[in-house]
Amino acid sequence: MKIASIVGARPQFVKAGPVSRALRRRVREVLIHTGQHYDYEMSQSFFDGLDLPKPDHNLGVGSGSHARQTAAMLMALEPVLHAERPDLALVYGDTNSTLAGALAAAKLGLPVAHVEAGLRCGDRLMPEEQNRMVTDRLATWLFAPTAHAVANLRREGIEAGVHLTGDVMLDALREAAPALEACAASLLAREGVAPGAYYLATIHRAGNTDDPARLEAILRALAALERPVLLPLHPRTREVLGRLAPGAAAGRNGVLELEGHPSAVRLRPPLPYVEMLALQRHAAAILTDSGGIQKEAYLLGVPCVTLREETEWIETVASGWNVLAGCDREAILAATRRPAPTEPRPPVYGDGRAAERIADILCG
Ligand code: UD1
């Protein structure tokens, strides 16, 4: 049996780590990298840090508009899948690489398996929501991370092939836990911050980065916080920062300047997986528009403020550990300063053995 796993963007490398290892203990896996993410910090750093196998194919597609990027992936995937003749294609999450992988395989008559099926945030204008919905329609195996994801699929009439496996990001986090602890002290010293005395923020969603008013409102809220804010910048955000947020610029030593005045926001390059986890683990709170980081904050027991109006990970909000603050300055400040929740964190993301379950189901 041969499985073609298709990845392309940073969060997919994290998810593929445990699944790829579980698959390779059972069958032959061919790893295809679309090249959606290509900078060292966005791609190779994860292959090195997560001990992922070198991709058998790198399609080198790179950036572009949604249509161009997705179309380039489809054209490059077809001959590779045709030549490899896998028994099925495995895709992860909700990026353009997910959609292209599912579509290219389905058009060739290959069954599709979707890891992280059933997630919905209710905003059909969001590219990720479009990618999820189409991929779930095409998939034969739908590996849902949570009971809520299973219920979402049922509401859309999808029941066949749905498996509640737990979330593979918990598997990845468990595997990384010793390395996280080992690097934390020196990392915090390098960043000049003490445990619990700083905030960690990420911004990369098109809805935030491509709207100057939203980006500026978020940056001003971060700058108004009383503790240092570490902000590892996605390349998209770095690119639009100066151009789209008037008055905001990366000043000397990576400090964000607003109208020429340095703020407490420290701009950083994209960080390796384990370093990102260590900075999350010791932050007083995390502010983010990432899906995966909302979940990691919950798993690590760190209060989260989500810089969006909706979320796919509603369990984190229901438990009080995550607050949806959008781009509203006052809402962001209030949510960040709230006392740490005392509510329990039920094990909604499973037991850390999702990858083994997925491999068992696929490999029989
Ligand atoms: C993609 C996913 C998103 C995921 C995110 C993780 C889609 C629609 N979105 O968003 O769900 O959360 O990845 O990071 O697939 N760029 C670089 N170097 C890189 C990668 C990107 O400079 O290595 C820049 C390019 O200017 C590019 C922009 O970032 O145009 C956006 O990249 P893209 O792949 O389109 O989407 P992401 O914002 O990364």
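Taking a ≥ b ≥ c as the square roots of the Cα gyration tensor eigenvalues, the chain comes out prolate, since a/c reaches at least 1.5 and a/b is larger than b/c. Among C183, C363, sorting on how many other beta-carbon atoms sit within 10 Å of each Cβ, with the fewest leading, yields C363, C183.
In a simple Cβ point-charge model (Lys, Arg +1; Asp, Glu -1; nothing else charged), the chain has a dipole of about 300 debye relative to its Cα centre.
Mind checking the angle between helix 96-107 and the chain's longest principal axis? C-alpha axes, 0 to 90 degrees, to the nearest 10. In the chain, helix 96-107 runs at an angle near 10 degrees to the longest axis.
Taking all Cα pairs closer than 8 Å and separated by 6 or more residues, the relative contact order of the chain comes to 16 percent. Calculated FRET efficiency, M1 to A331, Cβ-Cβ distance, R0 = 30 Å: about 0.05 to the nearest 0.05.
In summary, the aspartates and glutamates within cross-link reach of K107, defined as a Cα separation below 18 angstrom excluding same-chain residues under 8 places away, comprise E78, E84, D87, D136. Under 20 Å of direct C-alpha separation, and excluding same-chain neighbours fewer than eight residues apart, K295 reaches these lysines: K15.
Ranking of Y38, Y298 by neighbouring Cβ atoms within 10 Å, starting from the fewest: Y38, Y298.
Among 118-128, 310-320, 273-283, sorting by the average number of other beta carbon atoms lying within 10 angstrom of each residue, highest first, gives 273-283, 310-320, 118-128. Rounded to the nearest 20, the size of the Cβ-charge dipole of segment 203-306 about its Cα centre is 180 debye, with Lys and Arg at +1 and Asp and Glu at -1.
Each value in this text was obtained by applying a stated rule to the coordinates, not by laboratory testing. These numbers were taken from a predicted model, which means no experiment stands behind them. Positions of Cβ are backbone-derived with ideal geometry, glycine not excepted, and every protein chain shown enters the neighbour counts.
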